[in-house]
Amino acid sequence: MNKNSSNMMALAPNTSNKRETVCIFGTGDFGRALGHKMIQSGYPVVYGSRSSQISNLIPKDAEVLGHAEAAQKAAVIIIAIQRQHYNFLTKLADVLHGKVLVDISNNLKLNQYPESNAEYLAQLLPGSKVVKGFNTVSAWALQSGTLDASRQVFICGDDVEAKQMVMNIVRGLGLTPVDKGSLLAAQEIENYPLQLFPTWKFPIFLSLGLGLFYFFYCLALDVIYTYIYENNNFSFFIAITVPNQVFPAMALTLFGLVYLPGIFAAIIQLYRGTKYRRFPDWLDKWMLCRKQLGLIALAFASLHAVFTLVSPLRAFSSWRTSRQIVSQALNNQTQPLDHTNAWRSDSYLALGMLGFFVFVLLGITSLPSVSNSVNWREFRFIQSKLGYLALILCTAHVLIYGGDWFLNPAAYKWYLPDTYMLSLIVPCTVLVVKFVLILPCVDKHLTKIRQGWERNPRYSE
Amino acid sequence: MNKNSSNMMALAPNTSNKRETVCIFGTGDFGRALGHKMIQSGYPVVYGSRSSQISNLIPKDAEVLGHAEAAQKAAVIIIAIQRQHYNFLTKLADVLHGKVLVDISNNLKLNQYPESNAEYLAQLLPGSKVVKGFNTVSAWALQSGTLDASRQVFICGDDVEAKQMVMNIVRGLGLTPVDKGSLLAAQEIENYPLQLFPTWKFPIFLSLGLGLFYFFYCLALDVIYTYIYENNNFSFFIAITVPNQVFPAMALTLFGLVYLPGIFAAIIQLYRGTKYRRFPDWLDKWMLCRKQLGLIALAFASLHAVFTLVSPLRAFSSWRTSRQIVSQALNNQTQPLDHTNAWRSDSYLALGMLGFFVFVLLGITSLPSVSNSVNWREFRFIQSKLGYLALILCTAHVLIYGGDWFLNPAAYKWYLPDTYMLSLIVPCTVLVVKFVLILPCVDKHLTKIRQGWERNPRYSE
Amino acid sequence: MNKNSSNMMALAPNTSNKRETVCIFGTGDFGRALGHKMIQSGYPVVYGSRSSQISNLIPKDAEVLGHAEAAQKAAVIIIAIQRQHYNFLTKLADVLHGKVLVDISNNLKLNQYPESNAEYLAQLLPGSKVVKGFNTVSAWALQSGTLDASRQVFICGDDVEAKQMVMNIVRGLGLTPVDKGSLLAAQEIENYPLQLFPTWKFPIFLSLGLGLFYFFYCLALDVIYTYIYENNNFSFFIAITVPNQVFPAMALTLFGLVYLPGIFAAIIQLYRGTKYRRFPDWLDKWMLCRKQLGLIALAFASLHAVFTLVSPLRAFSSWRTSRQIVSQALNNQTQPLDHTNAWRSDSYLALGMLGFFVFVLLGITSLPSVSNSVNWREFRFIQSKLGYLALILCTAHVLIYGGDWFLNPAAYKWYLPDTYMLSLIVPCTVLVVKFVLILPCVDKHLTKIRQGWERNPRYSE
């Protein structure tokens, strides 16, 4: 909707002349890109540059002057130079006094300097009003006009009016300013563009490791074992059959791992008799990536669902079906319906689908816009009640799928349990311990501790 | 992304000393949890307490003083005591004059008092600047650092600067402040954490009742009737077959109920000849829960889709297929393709899938972030045009599924119509009446009324 | 959650008397609807009208006065009259001096006047503080209380305090104000409600055209050819078989078209040796609708997935299966498993499902709330890396589906390639050229150009 706004404004000549001149210090790539965009949006732009000779890369409609002359022409000065060169600005302190300086710099790694670039700039020039902003926007995107990523520009600064002026420019460029508060937030804003899914790293590596283990385990039992002992070459199982054993195993294990840290936390609190001591570090970190673990589990569950639904379309499946039916026909017999089997098949399918359905609901409520529109009580209700419901349904799905195979020695090739049996370990542990924790006597004790009403005196100092 | 912000700040010693002291009145659970979090985020905290002896539950780095001394040390005072005890604050009126008081209290039930706690506080201490906030945050979440629910903190207050100070503290703690306006909004903010999906209650109870009815109806016709008259024990139908008749019936009925109130509203307006009289209360309430009804209908439609797709995997289904084929083979015959049946089967499947597809589109556009990015005209277009398209497709799906069974007496076990026939009543009514309403002569009249241009004079006073 | 807020406030008599009188100029439909809503929310309302006689359509609790008298009673005046009649307000300039005027007008078409209505009003009455707002809200929705569309009210204005007053009223009505900056944004806000998915128009028309072409092409080859040369009437293929060839062809072609403009852009930059010249207009426009093209491709891919999964349920499919099996049984033979075919079938299914899975992930990250929570680097990673991964998987899916049919003359009915072969043209072109572009020597050159470090001097002026 808003995509054309900046173009629109540039086209309306009667509005553009109201816009105030903006000065840009530095003619590097980002400085030029920002200048282009501003001129397009109707802002007169003046560049402050060391060499007064006009570079042919600078937008044609922009003026280029020395730093001091350029700064005098505008109330807002964009500092598009690198932190190492901020020192020379102190010479201009008089000219820059009272001006709004916009620090748009980025560092090369997280927490590179003790203080943020914007705070450093504010210390160098205490008479100027420093505002942090624009560092999260890509020069390439500004230049090409294809800002299809987030249009949000994070702004922070100590002076409210200066911040307001910069936010108006941001709006003038067709972007959305987001006020992040005082200049204290600059470090956070500077670290922001350097991150690549920081909270996802551990869950993804964990999933990769677990996935590889399950894959080779399943390959050994389903393909290699069959090849050695039954002399069947089922190498094509690698495409669908093996993944479709790995995916549900991953989904169930990871889903169990989402609820395991909560169980640990409860046990630790019960043991310590207080909630006022920090959890061990590993538990804190684990708790912080539960959402990511849950979403990865959901991804695997979805893959399992699709891989299962597609199975009637496989050449192997239609070959197997026709072989069974032809042999029945040749033997002149019709098998009666096995009611036990019909019950087992229908119930594990139904449980799996219901579990998946509740799991998808959980996933939808974890979308930022949905979780922002529920309150804490509602969020707890969904994540705790619905989450455990999904876990119970999915675990029951696998248990009934296994049925009496758990007791059948033939199911244990090379004396090893099947993949789905392994995947039950974590969720079954979670469910059993959780069942103990919600027994009235234990639950009452735990609730007291969590309300801070009661504690074990031997732990207080 | 932001999760580490508060930790980061605590680690940067050069920034923490800029933070101003915050005073907390009350050493209860939430007061302590908030104090912990503030100290972690680099705020000096001083507690105001009745007994000056230092409790061992209070964060170690916090100071504990009497109320008056504590209040003098800070500009912002968090009132972490219960409304019943607000009276004693009047004695401190002088000390609290000009200070920012943050009311974080919650009530036990909705609209417990005539005025909100924050407004009550403001009345008691007219010289102080009262800001409402933090009441939607959980103490347990603050304490454990696992704020995985909404990070939004709703703030309201009459004094803009006081509000700004509190919002800065909220940002300093790594949370997101949301300005809800003047202190008038306090009642809304106080009621917020007490609600558990208020708009969902009626739709969920309605669905439960309707679902139970359909379930037992279907159970009687499909399982009990078959058992009595055909002597077949199909009890395992309870797992998949019966639910997969209940789900689509629920989906279609509820989807019809989404559009029924709009039909009623149009009829009422046509009858009254004016839009300037309120609808009856039940209709207003019904209209307000259309979105929820629609989403529940979508949930049932999704379940129906998955339960249908899974059917080739059922043991019952493969038994039935092989029985049919074996009997053909034994009779030495190949049945020719029944073209009518092929047409019927393909069209009801295609209609169902297209209807479901449009229905899912509708569901996606009702996500808060999507519906916020469309304007009123676009929203009307989607909800009205696409909604009716989905309803027409789904109704046609069921009508063609039924085919000539509607006229076949054998379809009426115990003289009762099948579940899917019942589910057609509401949507067919809606579609027929809607068809009448969009006839040019009726539509023109209705449009006039809705534009407020014309009315029936006999109704004006 | 917020739905009851306005009602709640109206019910709380102690709060309503704090609300300040609002004046509304004009007693048209929107003026009356807004007045009703304000009275419900506890605001005293006074109408300014030409005729002092009280119309029976105006809310009962509202006062009706002449314009001047009404204006004197309130600080905020809603101008609910049309732009053509703004002239008469100049006569009231003295009374309106210092007042907050809220321009709620809309035009009939985009950019109807050189300046926005709000700016025109500000020019007419320079002594008043003009705020734009409420124009995106529907009168009918206000009246009926069923504001189920976006509750956002876009506000802009040059005077911060005036804007704040209007935003407070918006909140008082239970709506969400969104500050869009200074009055310059009025044109954008006024154009907003006139748009009907402007960015979707081209992608939808393109899809329609392409879809029709594929449909008739496929109809000719699958239904008409079969009818003429094999004398089989497969007209029922129109319902599922033909669409299920059109959908994947559409999905793959459109998905290729998403990445084609990026390829063109890279080639143009390589050829020009600079990034500082604008792309041709058609390329700019194409790049701006990539997201829409991608989402439409995803919609077709989803339809393809569902139409494929449903195929075992078709009457045609079960007829074909039983015919094959019966003929095997009658010939007394069991076919051995064709390993090549099993490999082919399993791999194209697996590739298709994985490609679809990655594609759905891409779709989820393009939801506004999700894409707002990732930074630029993360967004680039998802859209570029994951996007190409999905494209590769989907293209491989079709290539393996085709298998050795590409070389088989029997596959070319009427010497024409099959639909899926046509759909490969665009994505294969994209992948081949992209492969050339990421060759180290080419990529290095391109990266330099995009960082602005290097350019071909013959193009600078």
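Residue by residue, here is whether (1) closer than 21 Å to residue A:397 by Cβ; (2) open to solvent by 20 Å² or more (accessible area, probe 1.4 Å) holds:
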position	(1), (2)
A:241	yes, yes
A:247	yes, yes
A:256	yes, no
A:270	no, yes
A:274	no, no
A:277	no, yes
A:285	no, yes
A:304	yes, yes
A:308	yes, yes
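Give, as residue ranges, the helices (runs of 4 or more DSSP H) completely inside region B:129-224 that count at least 3 residues that are at pLDDT 85 or above, within 11 Å of chain A (Cβ to nearest Cβ) and under 21 Å from residue B:99 (Cα atoms).
Those helices (runs of 4 or more DSSP H) span B:160-172.
Do you know which residues across region A:220-239 are out of contact with any Asp or Glu (no Cβ under 8 Å at 6 or more places or on another chain), open to solvent by less than 30 Å² (accessible area, probe 1.4 Å) and of a type outside the set (Ser, Thr, Tyr)?
Listed by number, the residues that qualify are A:220, A:222, A:223.
Taking region B:77-121 as the search range and keeping residues that are in contact with a strand residue (DSSP E or B) (Cβ under 9 Å, 6 or more places away or on another chain) and of a type in the set (Val, Ile, Thr), which one is nearest to residue B:162 (Cα to Cα)?
Result: B:100.
So residue A:186 ticks every box in (1) assigned by the TED database to the domain that holds residue A:432; (2) in contact with a Ser or Thr (Cβ under 8 Å, 6 or more places away or on another chain); (3) farther than 26 Å from residue C:344 by Cβ but one. Which box is left unticked?
(1)
Considering only residues that are crowded, with 17+ Cβ neighbours inside 10 Å and free of Cβ contacts under 8 Å to residues at least 24 places away in the same chain, which ones fall in region C:381-392?
C:382, C:383
Condition (residue is free of Cβ contacts under 8 Å to residues at least 24 places away in the same chain and either farther than 30 Å from residue A:117 by Cβ or open to solvent by 60 Å² or more (accessible area, probe 1.4 Å) (or both)) applied to region A:181-203: is it met by at least one residue?
yes
Here is a yes/no grid of residues against (1) in contact with a Ser or Thr (Cβ under 8 Å, 6 or more places away or on another chain); (2) open to solvent by less than 50 Å² (accessible area, probe 1.4 Å); (3) in a loop (DSSP other than H, G, I, E, B); (4) closer than 27 Å to residue C:353 by Cα:
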site: A:332; (1), (2), (3), (4): no, no, yes, no
site: A:344; (1), (2), (3), (4): no, no, no, no
site: A:351; (1), (2), (3), (4): no, yes, no, yes
site: A:354; (1), (2), (3), (4): no, no, no, yes
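Right, residue A:189: under 20 Å from the mean Cα position of the chain (by Cα) and closer than 23 Å to residue A:258 by Cβ or not?
no
If you take the residues of region C:287-297 that are surrounded by 21 or more Cβ atoms within 10 Å (Cβ to Cβ) and within 18 Å of residue B:356 (Cα to Cα), which of them is nearest to the other protein chains (Cβ to nearest Cβ)?
C:296
Please enumerate the residues belonging to region B:151-172 that are open to solvent by 10 Å² or more (accessible area, probe 1.4 Å), touching a Leu at 6+ places or on another chain (Cβ under 9 Å) and free of Cβ contacts under 8 Å to residues at least 40 places away in the same chain.
Of everything in region B:151-172, those that are open to solvent by 10 Å² or more (accessible area, probe 1.4 Å), touching a Leu at 6+ places or on another chain (Cβ under 9 Å) and free of Cβ contacts under 8 Å to residues at least 40 places away in the same chain turn out to be B:152, B:158, B:168, B:171.
Can you pull out the residues in region B:414-430 that are aromatic (Phe, Trp, Tyr) and open to solvent by less than 70 Å² (accessible area, probe 1.4 Å)?
Step one: of region B:414-430, the residues aromatic (Phe, Trp, Tyr) are B:414-415, B:420.
The one that is aromatic (Phe, Trp, Tyr) and open to solvent by less than 70 Å² (accessible area, probe 1.4 Å): B:420.
Answer yes or no: is there a residue in region B:342-350 that is within 7 Å of another protein chain (Cβ to nearest Cβ) and under 17 Å from residue C:322 (Cα atoms).
Checked against the condition, which is being within 7 Å of another protein chain (Cβ to nearest Cβ) and under 17 Å from residue C:322 (Cα atoms), region B:342-350 yields at least one hit.
The values are calculated or read from the model by the stated rules, or taken from the named source; none is laboratory data. Source: prediction; values computed, not measured. Heads up, the Cβs are rebuilt from the backbone with ideal geometry, glycines too, and the neighbour counts pull from every protein chain shown. Accessible surface areas use protein heavy atoms only, side chains included; no ligands, DNA or RNA. Shrake-Rupley method; radii C 1.70, N 1.55, O 1.52, S 1.80 Å.
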